[in-house]
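**Student:** So that we are looking at the same thing, I have put the structure below in C-alpha cells.
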Amino acid sequence: QLQAVIFDLDGVITDSAEYHYLAWQALADELGIPFSREKNERLKGVSRMESLEIVLEGSRLALLPEAEKLRLAEKKNDHYKEMIGRINPADLLPGIPELLDSLRERGISAGLASASLNAPLILERLGAARWFQAVADPAELRKGKPDPEIFLKAAELLGVTPGNCIGVEDAAAGVVAIKAAGMKAVGIGSAQQLGAADLVLSSTSELSALKLLELYAG
Ligand code: G6P
Ligand code: MG
C-alpha cells in the first residue's frame, strides 16, 4: 500500500530552481567565467558547495583556498535569499496544492527531501509547511543525491517503509537517489534527462493522487 510521497522542493513544489540558476549565473558573470543552462542542469539537487565546484570547474578559480570558496558560496546564497524573499503561496507550482490536499484526504503522508538549507524558509513563504509531516534536514546528512540517504531519512522520519513510497524529482541525480532508496520515481521534466524514472511528466500540472496510486500499483 502506498504510504507516503516524498518530494524534492526546488523545481517540484516551487520554481526556486530558476532562482538558483539566476544566482549562479550572476556569480559566474561577476567572476568572468562561462556558465549556461546546460551546466546548470548538473547543479540540480546538488549541495551548495558541490555546486560551486561545478561552477568553477575548468577555471583557475577552482584552485582558490577553501575560505574564498565559502565566501563565493555565501555571496550566491545572499543573492538567492534576496530573490526567494519574495516567494508567496501563488508560487506553488500548478497542481501541487490540489495534489497535497488529495494525498492528505487519502491518508497518504507527504515528506520533503531537499538538499537546500533554505527549504524550511521556502516552505514557510509558500504557506506549504502544513502539508508536510516530515522534512529531512540536509545539514544532518553525510551524502547528497544521487546517494539515497535523504530519501531514506524522510521515510524514516515519516515512519514508513521505503518500498511503500514514491519520490518526485526534477533532477537526474534525484531520480537516481529515489531508485537507490528502493522507491518508485516520478520525474518532472524531460524524458531525455530523467529516463531513469518510472514515470516522467513534463509538468507538475500532470501530477495527481490517482496517477501516483496507479504507478504504485502497476
Ligand atoms: C537543491 C537545489 C540545488 C541547490 C541545493 C542547495 O537541491 O536543487 O540547486 O544547490 O538545493 O541549496 P541551498 O539553498 O542550500 O544553497
Ligand atoms: Mg529539484
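**Student:** Compute the angle between helix 66-84 and the longest alpha-carbon principal axis of the chain, please, reported from 0 to 90 degrees and rounded to the nearest 10.
**Tutor:** Approximately 60 degrees, to the nearest 10.
**Student:** Keeping to pairs on different chains or 8 or more places apart, tell me how many lysine pairs in the chain have Cα atoms under 14 Å apart. Please list the in-between numbers first.
**Tutor:** On the way: 44/145; 143/153; 145/153; 145/179; 184/211.
For the chain, the number of qualifying lysine pairs is 5.
**Student:** If one puts a single equal scatterer on every Cα of region 28-78 and applies the Debye formula without solvent, what log₁₀ I(q)/I(0) results at q = 0.15, 0.23, 0.30 Å⁻¹?
**Tutor:** -0.36, -0.90, -1.46
**Student:** While we're here: Would you work out the charge dipole size for region 33-124 about its Cα centre, treating the Cβ of every Lys and Arg as +1 and the Cβ of every Asp and Glu as -1, and quote it to the nearest 20 debye? Numbers along the way, then the final one.
**Tutor:** Numbers: 14 positive and 15 negative charges, 44 e Å.
Dipole of region 33-124, to the nearest 20 debye: 220 debye.
**Student:** On to the next question. Hey, if you put +1 on the Cβ of every Lys and Arg and -1 on every Asp and Glu Cβ in region 83-192, which of 152, 102, 136 ends up farthest toward the positive end of that dipole?
**Tutor:** 152
**Student:** Taking the radius of gyration and the Kirkwood hydrodynamic radius from Cα positions alone, what is the Rg/Rh ratio for region 54-170, to two decimal places? Don't skip to the answer; put the middle values down first.
**Tutor:** On the way: Rg = 17.0 Å, Rh = 16.4 Å.
Taking Rh as the inverse mean 1/r over Cα pairs, Rg/Rh reads 1.03.
**Student:** While we're here: Which whole-number value in Å³ per residue fits the convex hull of the alpha carbons of region 121-173? Each step should come with its number before you reach the end.
**Tutor:** Numbers: hull volume 5.3 nm³, N = 53.
So the per-residue hull volume is 99 Å³.
**Student:** If you put +1 on each Lys and Arg Cβ and -1 on each Asp and Glu Cβ, how big is the dipole of region 52-176 around its Cα centre, in Debye rounded to 20? It would help to have the intermediate numbers written out before the result.
**Tutor:** Numbers: 15 positive and 19 negative charges, 27 e Å.
So the dipole magnitude of region 52-176 works out to roughly 140 debye.
**Student:** Amide H neighbours of residue 14 under 5 Å, at least 5 residues apart or on other chains, H built in the peptide plane: list them.
**Tutor:** Amide H neighbours of residue 14, under 5 Å, 5+ apart: 93.
**Student:** Suppose every K and R has +1 on its Cβ and every D and E has -1 on its Cβ; what is the size of the dipole of the chain about the Cα centre, in Debye to the nearest 20? Provide the component values of the computation, followed by the final result.
**Tutor:** Working: 23 positive and 31 negative charges, 44 e Å.
That gives the chain a dipole magnitude of about 200 debye.
**Student:** Taking only Cα atoms, what is the 0 to 90° angle, nearest 10, from helix 149-158's long axis to the longest principal axis of the chain?
**Tutor:** 40 degrees
**Student:** Relative contact order of region 102-169: what whole-number percent is it, with Cα pairs under 8 angstrom and at least 6 residues apart? Write out the running numbers ahead of the final one.
**Tutor:** Working: 70 pairs, mean separation 21.2, N = 68.
Relative contact order, region 102-169: 31 percent.
**Student:** Where does helix 16-31 land angle-wise versus the long Cα axis of the chain, in degrees 0 to 90, nearest 10?
**Tutor:** It works out to around 10 degrees.
**Student:** If packing is taken as the mean number of other Cβ atoms within 10 Å per residue, what is the order of 176-182, 101-107, highest first?
**Tutor:** Working: 176-182: 21.7, 101-107: 13.3.
Sorting 176-182, 101-107 by mean packing, highest first, produces 176-182, 101-107.
**Student:** Follow-up question, since we're still on this one. Please state the equivalent ellipsoid semi-axes for the chain: what are the square roots of 5 times the Cα gyration tensor eigenvalues, largest first, in whole Å? Can you show the working numbers first?
**Tutor:** Values: eigenvalues 179, 61, 51 Å².
Semi-axis lengths for the chain are 30, 17, 16 Å.
**Student:** Just order 137-146, 153-162 by mean Cβ neighbour count inside 10 Å, highest at the front, would you?
**Tutor:** On the way: 137-146: 14.6, 153-162: 19.8.
Per-residue mean Cβ counts within 10 Å order the peptides as 153-162, 137-146.
**Student:** I'm checking a number: the convex hull volume of the Cα atoms of region 145-218, normalised per residue, in Å³. What is it?
**Tutor:** Working: hull volume 5.7 nm³, N = 74.
Residue-normalised Cα hull volume stands at 77 Å³.
Just so you know, all these numbers are worked out from the coordinates, no wet-lab data involved. Model, not experiment: these values are computed from the prediction. Counting neighbours? That spans all protein chains shown, and the Cβs are built from the backbone with ideal geometry, glycine included.
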